[in-house]
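J.: First the structure, then my questions, so here it is.
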Amino acid sequence: MSFEPKIVGILCNWCSYTGADLAGTSRTKYAPNIRVLRVMCSARVDPTFIFKALSEGADGVLICGCHPGDCHYVEGNYKAMRRFPLLKKMLADLGVEDQRVRLEWVSASEGQRFADVVNEMTEQVRKLGPSKIKPDLLADRRNRPAAAAAEVAHA
Amino acid sequence: MTRKISIDPITRLEGHGKIEIFLDDKGAVEETFFQIPELRGFERFCVGRPIEELPRIVTRICGVCPASHHMASAKAVDGCFGNEVAPVAHKLRDMYYNAHFIHSHIAHFYALAAPDFVCGPDSDPAMRNVLGVVAKVGLEIGGAVIASRAKAQNIQRLIGGASTQDIWCIPGGVAKGLSKEDLATISKWTDELYDFAQTSLKIFRDVVLANKTYVDIIVNGPYNLEVQNMGLVDENNAPNFYHGKVRVVDFKGKEICKYSPMEYMNHVAEHVEPWSYLKFPFLKQRGWKGFVEGIDSSIYMATPLSRLNVADRMATPKAQEAFEEMYKTVGGHPCKLLLASHWARLVEMVQNAETLQKYCKDPEITSDKFRVIPKQITGEGVGIVEAMRGTLTHHYTCDSNGICTSANLIVGTTNNMAPIHMVTKKIAKALIKPGTEPTQGILNMVEMGFRSFDPCFSCATHSLPGQMPLEIKIYKGGQPYREFKQYC
Amino acid sequence: MPKLQIAIYWGAACGGCDVAVLDTNEFILEVGKIADIRLWPVAADGKYSDVEKMKDKELDLTLFDGAVRTSENEHLARLLRQKSKLLVAFGSCAHLGGIPGLANLVPMQEIFERAYLKNASIEPGNTTVPKPESMVGPYKLTIPKFYDRVYKLDDIVDVDYYVPGCPPHFDQVKAVLGVIASGKLPAKGSVVGCTDRALCDECKREKTEKRVKKFFRPWQIVPDPNKCLLEQGVLCAGSATRGGCGVRCPNIGIPCRGCYGPPPNVVDQGAKLLSAVASIIDSKEPKEIDQILATLPDITGYAYRFGMPSGLLQRRHAP
């Protein structure tokens, strides 16, 4: 049985969530590995969300927003556009592979595109294998003799 | 027969150390090892940081002498920017740094060193601390110690904005200048600090030199080493703590070498042993010969005593008087008696105060031209200053974007690791005799050896160990015999 | 009224926090009147074995500064937790991991290689590295084993309060000791000795609108002393940093680097600073955005200068 990546999707309410809905109503098949969260705008996506998702076991994170110029709130997606390159740089410094976190513009009519992106990303992440972040952090907690002893004592 | 005995923790020393003493079958000391069990990694995690950030990162190597790292770092960064620095900035930095020396020397002398002499080397450990000192010399002096330390720190704050964890030096100079109002305040304090430096010398004369037992320990005890001396000097071969060339002189007074910072790698190398995280610097051109004394030894020490040993004179007049008095008393220049380092510290304090007085009278010191915008990144710099505990070297390289590509640090106390290791063995051999039980007092007398170096193992290991866990294991005939532990 | 029993202990520390307590000068003598300092390596004679002999919760208060790097640090953290009613994480290292936490960005092997094999002044031809156990002739020598990464105090034990700063400002130290002495304790887990706002609230520089076309390194411009540093393109972490330090750095024209940790309710200081910095970039063109970001090197080092272990990812996770 091959590894099934857990991908967290953060989609903006106006364009990309509607686009994803369209994929659904059109019965377009796409990988079930994505778990979707809806936010009002891609500007709402705080880098903290990506870090939290990764630290809690997500193998990948997909952020979707409206195409530049089409943001329901006029300029929100530009904020996402500016944050993302810095976030990628930071993730690289922290040893997170490039393909695990992705930003895509998806319009309300791009149901097929959404499905294509999800399928492509799922395969890329599958090839990378499970993210080591959560297992690393758990191992950090348990790999010290004193810590292990304390856990045994409290068990 | 094995017994474990716990002893008082060492409180007048900074860092983590472990001493192993091996006894032969008769109970005489056969071998000792002074081990340092910690490391931090500044030399690695500074890589990748913008080079101008390093002066504010390396201060966290040590919270007792952050200014030393800040200055050495600033000078290494200066080098990376082609040494383009506003001249007034150098004066301000020197002034700030001399103020730092004063409060650090005050703290070391009164809190760390004095208890051994004022209370006595084998006195009750519970009182053998700064409170015991104050009890003996009086509350007025105790109050003056606190007040003087505060004045020197406040001088730093007025000049450079902070006194712990310095924030002030930048490429091209410093971030702020000195106002006339602040200068007036500093002038007054400076004169008071000069008086306090002279008072401290008087206390040393009255309490230590007037006591025959102490003088005997200083002159005739096992606290001496025939190794070479290192210190920073100006063009007159007088000590300069902020800027100059490094001079190395053997224990008979002959100059071995004198080098400018960029040449340090031709003269100093670091030897590694598997049993200590701390490296052992030595004179590179002589090669590593082991932990041996002698005129050909490649071991050197870098302490207040060695700074005065390599100097032909002091840089200021009253300090020169104190210098002459000291060497006349200890039997000549240079001097091998390690405990004289405590005296040397006080002589330095006089020069620190006189230097401050000189700057207070310098009309340029309140100039607003305290920084320039550097025009080029040249990519490499070596900054050498004297930390209170010895010659401190920071060597950086950076890329064309000013991002650090390497950092090499040889820190004050690191220079002294081999001498500390050697003198510990010497003292242990002299004091732990076959048939005697090593006691609390004897242990303290072993400590007095490394304490004279005012070691800072936080610095030396570029690590942040904090406490002074100390473990002493005594082995007899290869078997564990006795163990002293504190904080372990 | 019985005297308070207190301990001040340092883990993987530089000593600056202990110096900050000493910097309260005469106040320390006041503390001496109301408290017995049972353990404080830098200034008092408390025996380690005394701590072991103490009853549980015999200490009213322990101030623990420094990060946790070795098994010894961990052992003392657990011991002091057991023996103390209140355990305070004192200073950036105990609170967030501190500057030592930057080591979490590099693999431990590289630290060793750089220190013992590759550095410029290492004895030519050296291949020796320190080992936990080694033999020199007939003598066996040991040194402690290190953890592969840095931990903050509450990764190891339950912490009652946090006092931020590198070091905590000495006025704040007085305030904290005063609060504890008064008995009117804040809610457990509070961050004390600071304000509950971002540093910008205390900073007297003029703040208008932030639109940045280029970032400047601190040496590239002489900033206007009256205007917000970030608005002038100098990266300052103040907006993602808790106040309470007296604005000591921006007051002399040096940008904040975040030593007081995140403002209230912020989980990841580095993520917040990233977000804030990106938001003020004045461009909508991807190429221009990249050019502007190129003037900002080492975002990770800026964002997590004092708190890598406290970020959600805590460290580098490279293969």
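J.: Rounded, prolate or oblate, given the Cα gyration tensor of region C:210-296, with a/c below 1.5 counting as rounded?
T.: Since a/c reaches 1.5 but b/c is at least a/b, the shape of region C:210-296 is classed as oblate.
J.: Checking the a/c ratio against 1.5 first, then a/b against b/c, what shape does the Cα gyration tensor give for region B:240-386?
T.: Judged from the Cα gyration tensor, region B:240-386 comes out oblate (a/c at least 1.5, b/c at or above a/b).
J.: How large is ³J(HN,Hα) for each residue in region C:284-289, as worked out from phi by the Karplus curve 6.51 cos²θ - 1.76 cosθ + 1.60 (θ = phi - 60°), to whole Hz, x for Gly and Pro?
T.: Each residue's phi maps through the Karplus curve to give 10, 9, x, 5, 5, 4 Hz.
J.: What number comes out for the charge environment of B:ILE410, summing +1 per Lys or Arg and -1 per Asp or Glu over other residues with Cβ under 11 Å away?
T.: -1
J.: Could you size up the charge dipole of region C:199-310 around its Cα centre, putting +1 on the beta carbon of Lys and Arg and -1 on that of Asp and Glu, and report it in debye to the nearest 20?
T.: In debye, rounded to 20, region C:199-310 gives about 180.
J.: In addition: If you fit an axis through the alpha-carbon atoms of helix B:317-330 and take the longest principal axis of the Cα set of chain B, what angle between them do you get, 0 to 90°, nearest 10?
T.: 20
J.: Note the per residue figure in Å³ for the convex hull of the C-alpha positions in the protein assembly as shown.
T.: Values: hull volume 165.4 nm³, N = 962.
Expressed per residue, the convex hull around the Cα atoms of the protein assembly as shown is 172 Å³.
J.: Still on this model: Which length gain, in nm to one decimal place, applies between C:ALA187 and C:GLN291 when the Cα-Cα distance is subtracted from 0.36 nm times their residue separation?
T.: That works out to 32.8 nm of additional length.
J.: Same structure again: In whole Hz, what ³J(HN,Hα) sequence does region B:369-384 give by Karplus (6.51, -1.76, 1.60; θ = phi - 60°), x for Gly and Pro?
T.: 9, 9, 8, 10, 8, x, 9, 8, 10, 9, x, 8, x, 10, x, 10
J.: Compute the angle between helix B:87-107 and the longest alpha-carbon principal axis of chain B, please, reported from 0 to 90 degrees and rounded to the nearest 10.
T.: With both axes taken from Cα atoms, the answer is about 30 degrees.
J.: Computed from the mean reciprocal separation of all distinct C-alpha pairs, what Kirkwood hydrodynamic radius does region C:106-147 have, in Å?
T.: Values: mean 1/r = 0.0844 Å⁻¹.
Evaluated over region C:106-147, this radius sits at 11.9 Å.
J.: Of all beta bridges DSSP finds with both residues in region C:40-184, what is the antiparallel percent, to the nearest 5?
T.: 45
J.: Hey, another quick one. Using a simple spin-label model with points 7 Å from Cα along the Cα→Cβ vector, what separation in nm is obtained for A:ASN119 and B:GLU255?
T.: With each label point 7 Å from Cα toward Cβ, the separation is 8.1 nm.
J.: A:LEU37 to A:ARG141: FRET efficiency via 1/(1 + (r/R0)^6), r the Cβ-Cβ distance, R0 25 Å, to the nearest 0.05?
T.: Taking R0 as 25 Å, the efficiency between A:LEU37 and A:ARG141 is 0.40.
J.: While we're here: With θ set to phi - 60°, apply the Karplus curve 6.51 cos²θ - 1.76 cosθ + 1.60 along region B:50-56 and write out the HN-Hα couplings as whole Hz, x wherever there is a Gly or Pro.
T.: Each residue of region B:50-56 in turn: x, 4, 6, 7, 4, x, 9 Hz.
J.: How much of the DSSP beta bridge set in the protein assembly as shown is antiparallel, as a percent to the nearest 5?
T.: Working: 54 of 106 bridges.
Beta bridges within the protein assembly as shown, antiparallel portion: roughly 50 percent.
J.: Can you list residues from other chains, or at least 5 along the same chain, whose modelled amide H is less than 5 Å from the amide H of C:LYS85?
T.: Correct list: C:LEU59, C:ASP60, C:LEU61.
J.: Between 0 and 90 degrees, rounded to the nearest ten: what's the tilt of helix B:66-80 against the longest Cα principal axis of chain B?
T.: Approximately 50 degrees, to the nearest ten.
J.: Moving on to the next point. Which residues' amide hydrogens lie under 5 Å from the amide hydrogen of C:THR24, considering only partners 5 or more residues apart or on another chain, with H built in the peptide plane?
T.: Residues meeting the amide H criterion: none.
J.: For the pair B:ASN266 and C:ASP282, how long in nm is the line joining their label points, each one 7 Å along Cα→Cβ?
T.: Placing both labels 7 Å along Cα→Cβ, they lie 5.2 nm apart.
J.: Let me understand chain A better: what is its radius of gyration from the alpha carbons, and its Dmax, in angstrom?
T.: Computed over the Cα atoms of chain A, radius of gyration and Dmax are 17.7, 59 Å.
J.: What is the ratio of the Cα radius of gyration of region C:95-179 to 2.2 N^0.38 Å, with N the residue count, to two decimals?
T.: Ratio of Cα Rg to 2.2 N^0.38 Å: 1.62.
J.: First check a/c for chain C, with a ≥ b ≥ c the square roots of the eigenvalues of its C-alpha gyration tensor; if it is under 1.5, answer rounded, and if not, answer prolate when a/b is larger than b/c or oblate otherwise.
T.: oblate
J.: With r defined as the distance between the Cβ atoms of B:ASN236 and A:GLU56 and R0 fixed at 60 Å, what FRET efficiency is calculated, to the nearest 0.05?
T.: After rounding to 0.05, the efficiency reads 0.35.
J.: Provide the FRET efficiency to the nearest 0.05 for the A:ASP21-C:ASN226 pair, computing r from the beta carbons and using R0 = 60 Å.
T.: Rounded to the nearest 0.05, the efficiency is 0.70.
J.: For peptide C:106-117, compute the average count of partner chain beta-carbon atoms within 10 Å of each residue's beta-carbon.
T.: Mean partner-chain Cβ count within 10 Å for C:106-117: 5.
J.: Cα atoms only: what Rg and Dmax, in Å, come out for chain B?
T.: 22.0, 72
J.: Here's something else I'd like to know. Using amide H atoms built in the peptide plane, which far-off residues or other-chain residues are under 5 Å from C:VAL234 H to H?
T.: C:PHE216
J.: Quick one: if you stick a label point 7 Å off each Cα along the C-beta vector at C:GLU202 and B:ASP368, how many nm between them?
T.: If labels sit at C:GLU202 and B:ASP368, their model points lie 2.8 nm apart.
None of the figures in this text is laboratory data; all of them are computed from the coordinates on show. All values reported here derive from a predicted model rather than from experimental measurement. Note that each Cβ is placed from the backbone with ideal geometry, even for glycine, and that neighbours are counted across all protein chains shown.
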